1. Any chance you could check the Cα centroid distance between region 394-443 and region 266-325 for me, in angstrom?
2. Let me check against my output: what whole-number percent is the relative contact order of region 98-343, with C-alpha pairs under 8 Å and at least 6 apart?
3. Compute the relative contact order of the chain as a whole-number percentage, counting only Cα pairs closer than 8 Å that sit 6 or more residues apart in sequence.
4. Of the beta bridges DSSP finds with both residues in the chain, what % are antiparallel, to the nearest 5?
5. In nm, give the distance between the simple-model label positions of residue 19 and residue 127, each being 7 Å from the Cα along the Cα-to-Cβ direction.
6. Just to verify a number: FRET efficiency for residue 158 and residue 485, C-beta to C-beta distance, R0 = 45 Å, to 0.05?
7. Separation of region 48-73 and region 96-118 by C-alpha centroid, Å?
8. Restricting to bridges with both residues inside region 98-343, how much of the DSSP beta-bridge set is antiparallel, in percent to the nearest 5?
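Any read-out appearing in this document is the output of simple, stated calculations on the displayed coordinates, not a laboratory observation. On a predicted model such as this, the values are computed, not experimentally measured, just so you know. Cβ placement follows ideal geometry from the backbone for every residue including glycine, while neighbour counts extend to all protein chains displayed.
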Ligand code: DCS
């Protein structure tokens, strides 16, 4: 018998309030309903998560060969290994095994395998044209863990504010709730292709400060999730100057840096722009940049490989971050090897190069075509407007809901976009995420879908969406009034 007589520690009412406050729409109500329908035998198209392999994308051959050999090193002693694996995959597996004492079954250093961190640093230097220090690169289980670790390090109490773009990927809102901080939203401008409006952002910061919030950090997601925009060099410069003036650490979520579907604005890292700006800013602005093996043409979401790089953080802070990483002992080691392979892929002249390049190119080009197909498809629908997906993996159309649909949703006890997305799911099996899961301006409605369904299925998906939307609008649109743009 326990003595309290009342509630037990893990009864719902007794839980950490921060845990209860967390919301994460990507696996929320729509996803749960879709899973139920799937169990009942309905065919569901899961476009709610950016999970390419789950929608049929094939893994790149070379990295899987290398990791397979690392997982089963006894194959390296088999006289027939050269019949199944190309020599460069065999050499690369030996290279990583030599770096990881005890192989994949041993914990690594809590910051990650030093040799892989060096490969990441070399990649960053090639990409940005500025040297990078492996001691300031920590490998993580996907980018998510890195983001959570940094937010945990920054947030001291509920008055610490983090500027987060809205719409945003809900990792940020969820983690800020979990660590008990305050999210300070800054709105992206849909009419300006989801660009940043610094007049607005300055007002947002001033207003948060007047309410006693200490704004300490700013998040950017470039290319954007769910909004798909690519920031220009000018935008990033302005952003960095803003962080400098306002004394904010910039958290640059650059996980979609390989996913670019236009040529006008190639990806430029916040770090490169910062170093291009020179001192004092390049020595002062604190920046943490995140990357992953889950996105790009790799899409290795299940492997959980990621890193973050710290710029202008004092050594004592870097040590504290190391200490906290040590609590979890080690990031997963196969994920680290995927990261090594991603930043150091086969080079021209290597045996596996042509195959690797052909596989990557075919995935990327197909994503580019799918981005176009989706945007055009949405824009051809009644009461739907959609910015082009310049990068990342999502389309985020605005649905102008007729007032009668908004009223019907209210009667059903649902947010209007949730109501629309549930009806879409029931009618077509397309599982999306309502815009409210990412945040949106009051009275404006969106949904998010990934651009990941197989290219050959895309025309059918878009026409099924269009049919649904037509009949939804027939039912609710009497031409009188709409949600605002
Ligand atoms: N940052 C952004 C902007 C993301 O979109 C994601 C994943 C992550 C970080 C974390 O990814 P990893 O932990 O796998 O590295 N995006 C989710 C999404 O919106 N759909 O699928 C996953």
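1. Their Cα centres are 35 Å away from one another.
2. With pairs under 8 Å counted, the relative contact order is 27 percent.
3. On the way: 865 pairs, mean separation 99.4, N = 485.
Dividing the mean separation by the residue count of the chain yields 20 percent.
4. Given both bridge residues lie in the chain, the antiparallel proportion sits at roughly 50 percent.
5. 3.5 nm
6. Taking R0 as 45 Å, the efficiency between residue 158 and residue 485 is 0.85.
7. One Cα centre to the other: 20 Å.
8. Close to 35 percent.
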